[in-house]
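Chemist: Structure incoming, see below.
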Amino acid sequence: MEVLRPERIGDAQSLSSLPSSPLSFPPSSGLLSKGQIESFLYPDKEELPDDVEMSIWDHLEELRQRVFFSAGAVGACMVVCFSFVKDLVRILEAPVYSQGVRFLQLSPGEYFFTTLKVAGYAGLLLGSPVILYEIIAFVVPGLTRSERRFLGPIVFGSSILFYVGLLFSYAVLTPAALNFFVNYSEGVVESIWSIDQYFEFVLVLMFSTGLAFQVPVIQLLLGQTGLVTGEQMLAVWKYVVVGAVTAAAVLTPSTDPLTQLLLAGPLMGLYLGGAAMVKALEKNKNEVT
């Protein structure tokens with residue numbers, strides 16, 4: 001795909017001509033400086049690839065084709081997963097099945113619609129590489145040469161972190177949350193759960209954890225584009241602690257504090273690790289230059 005990019009934002013007036021703000025912020029305040037915004041919106045001419053112009057309708061047509069192809073790939077994966085859906089159901093029931101928990105359907109067709117949901121999530125998971133590729137192919141022509149160089153490692157790291165988040169949720173978060181509920185009700189009520197509500201709980205927890213593990217990827221994107229420095233990320237660690245606990249409370253469908261703490265801990269670790277990585281890359285870049 002070819003596209004004209006004389007500047008990141010049209011022919012607008014450069015930010016350097018704007019009057020200076022009477023307020024000044026220290027570099028560690030976590031706020032963006034005018035220079036950082038300007039370097040992102042107006043990259044150097046030599047950083048812009050030599051492409052030609054495409055009209056807005058050409059862009060929309062290409063976007064339509066890529067969305068259609070992605071939807072077709074995900075749909076095909078869903079059909080394949082539906083043929084093995086009973087095996088997938090048994091795998092997702094494993095965290096509590098050994099503790100005597102049994103499942104039932106409370107209405108006609110509940111299990112059928114639950115299997116459709118499981119196949120849908122699994123198909124989306126298997127088809128995500130195709131979706132990711134189509135997004136990259138559409139976005140790459142709009143990036144500068146330096147941004148293209150770190151796109152591959154970031155995409156690879158994002159995929160790895162997402163699957164690690166799924167495994168962490170399945171192996172640690174889900175058993176911890178379900179064991180809490182089973183042990184809490186032991187000797188009082190018998191654990192016979194709705195199959196639909198159980199899978200809603202497990203699937204939402206797994207996918208939300210996978211998305212939450214994308215924090216370092218977002219940090220690297222912000223750091224490589226120069227919008228935020230590693231020092232600024234580390235300076236707001238107190239707010240990160242509050243944000244991680246809040247995000248864990250929102251992302252986890254359960255209300256027990258154990259599950260929320262088990263998710264908040266890795267989130268804080270991922271953030272601090274991402275900030276340290278951004279700072280190390282900045283140091284290496286300064287040494288090279």
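The values are calculated or read from the model by the stated rules, or taken from the named source; none is laboratory data. Keep in mind that what you see is a predicted model, and the values were worked out from it rather than measured. Positions of Cβ are generated from backbone atoms using ideal geometry, with glycine treated the same way; all protein chains shown enter the neighbour counts.
Chemist: Can you find even one residue in segment 96-108 that is among the polar types (S, T, N, Q), touching a helix residue (DSSP H, G or I) at 6+ places or on another chain (Cβ under 6 Å) and within 25 Å of Leu211 (Cα to Cα)? First the steps, then the outcome.
Modeler: The first filter runs over segment 96-108 and keeps only residues among the polar types (S, T, N, Q), leaving 98-99, 105, 107.
Filter again for touching a helix residue (DSSP H, G or I) at 6+ places or on another chain (Cβ under 6 Å), leaving 99, 105.
With within 25 Å of Leu211 (Cα to Cα) added as a condition, the list becomes none.
Checking segment 96-108: not a single residue is among the polar types (S, T, N, Q), touching a helix residue (DSSP H, G or I) at 6+ places or on another chain (Cβ under 6 Å) and within 25 Å of Leu211 (Cα to Cα).
Chemist: Test Gly187 against the criterion of being at positive phi and either out of contact with any Cys (no Cβ under 6 Å at 6 or more places or on another chain) or at pLDDT 80 or above (or both), and give yes or no.
Modeler: yes
Chemist: Go through segment 225-284 and count every residue that is farther than 14 Å from Thr209 by Cβ, in contact (Cβ under 8 Å) with a residue 40 or more places away in the chain and among the hydrophobic types (A, V, I, L, M, F, W, C).
Modeler: Within segment 225-284, residues that are farther than 14 Å from Thr209 by Cβ, in contact (Cβ under 8 Å) with a residue 40 or more places away in the chain and among the hydrophobic types (A, V, I, L, M, F, W, C) number 13.
Chemist: Another question about this same structure. Collect the residues in segment 76-101 that are at positive phi and either in contact with a strand residue (DSSP E or B) (Cβ under 7 Å, 6 or more places away or on another chain) or surrounded by 12 or more Cβ atoms within 10 Å (Cβ to Cβ) (or both), keeping them in residue-number order.
Modeler: Filtering segment 76-101 down to residues at positive phi leaves 100.
Passing the criteria: none in range.
Chemist: Against the definition (in contact (Cβ under 8 Å) with a residue 40 or more places away in the chain and assigned by TED's automatic domain parsing to the domain that holds Phe181), how does Ala119 come out, yes or no? Please lay out each step first, then the result.
Modeler: On the way: in contact (Cβ under 8 Å) with a residue 40 or more places away in the chain: yes; assigned by TED's automatic domain parsing to the domain that holds Phe181: yes.
Taking the combined requirement at face value, the residue satisfies it.
Chemist: For segment 158-209, enumerate the residues that are assigned to a helix (DSSP H, G or I), hydroxyl-bearing (Ser, Thr, Tyr) and in contact (Cβ under 8 Å) with a residue 12 or more places away in the chain. Even if it seems obvious, please write down each step before you answer.
Modeler: Of all residues in segment 158-209, those assigned to a helix (DSSP H, G or I) come to 158-185, 195-209.
Still in the list and also hydroxyl-bearing (Ser, Thr, Tyr): 158-159, 163, 169-170, 174, 184-185, 198, 208-209.
Passing the criteria: Ser158, Ser159, Tyr163, Ser169, Tyr170, Thr174, Tyr198, Ser208, Thr209.
Chemist: Give just the number: which of (1) of a type outside the set (A, V, I, L, M, F, W, C); (2) out of contact with any Gly (no Cβ under 6 Å at 6 or more places or on another chain); (3) surrounded by fewer than 21 Cβ atoms within 10 Å (Cβ to Cβ) does Thr252 not satisfy?
Modeler: For Thr252, the failing item is (3).
Chemist: Further question on the same structure: Any chance you could count how many residues in segment 180-203 are under 27 Å from the mean Cα position of the chain (by Cα) and surrounded by fewer than 16 Cβ atoms within 10 Å (Cβ to Cβ)?
Modeler: Here the count works out to 2.
Chemist: Return a yes/no flag: does segment 136-148 have any residue that is surrounded by fewer than 18 Cβ atoms within 10 Å (Cβ to Cβ), touching a helix residue (DSSP H, G or I) at 6+ places or on another chain (Cβ under 8 Å), outside the structural domain of Val278 (by TED's automatic domain parsing) and among the hydroxyl-bearing types (Ser, Thr, Tyr).
Modeler: yes
Chemist: Report yes if some residue within segment 102-122 is under 30 Å from Ala177 (Cα atoms), assigned to a helix (DSSP H, G or I) and in contact with a strand residue (DSSP E or B) (Cβ under 8 Å, 6 or more places away or on another chain); otherwise report no.
Modeler: Yes, the conditions are met somewhere in segment 102-122.
Chemist: How many residues does segment 262-289 contain that are over 17 Å from Gln224 (Cβ atoms) and loosely packed, with under 15 Cβ neighbours inside 10 Å?
Modeler: Matching residues across segment 262-289 total 2.
Chemist: Continuing with this model, one more query. If Leu258 passes every condition in (1) surrounded by 15 or more Cβ atoms within 10 Å (Cβ to Cβ); (2) assigned to a helix (DSSP H, G or I); (3) touching a Phe, Trp or Tyr at 6+ places or on another chain (Cβ under 9 Å) but one, which one does it miss?
Modeler: That leaves (1) as the condition not met.
Chemist: Does segment 217-249 hold any residues that are of a type in the set (Ser, Thr, Tyr), assigned to a loop (DSSP other than H, G, I, E, B) and surrounded by fewer than 19 Cβ atoms within 10 Å (Cβ to Cβ), and which are they?
Modeler: Of everything in segment 217-249, just one residue is of a type in the set (Ser, Thr, Tyr), assigned to a loop (DSSP other than H, G, I, E, B) and surrounded by fewer than 19 Cβ atoms within 10 Å (Cβ to Cβ), namely Thr225.
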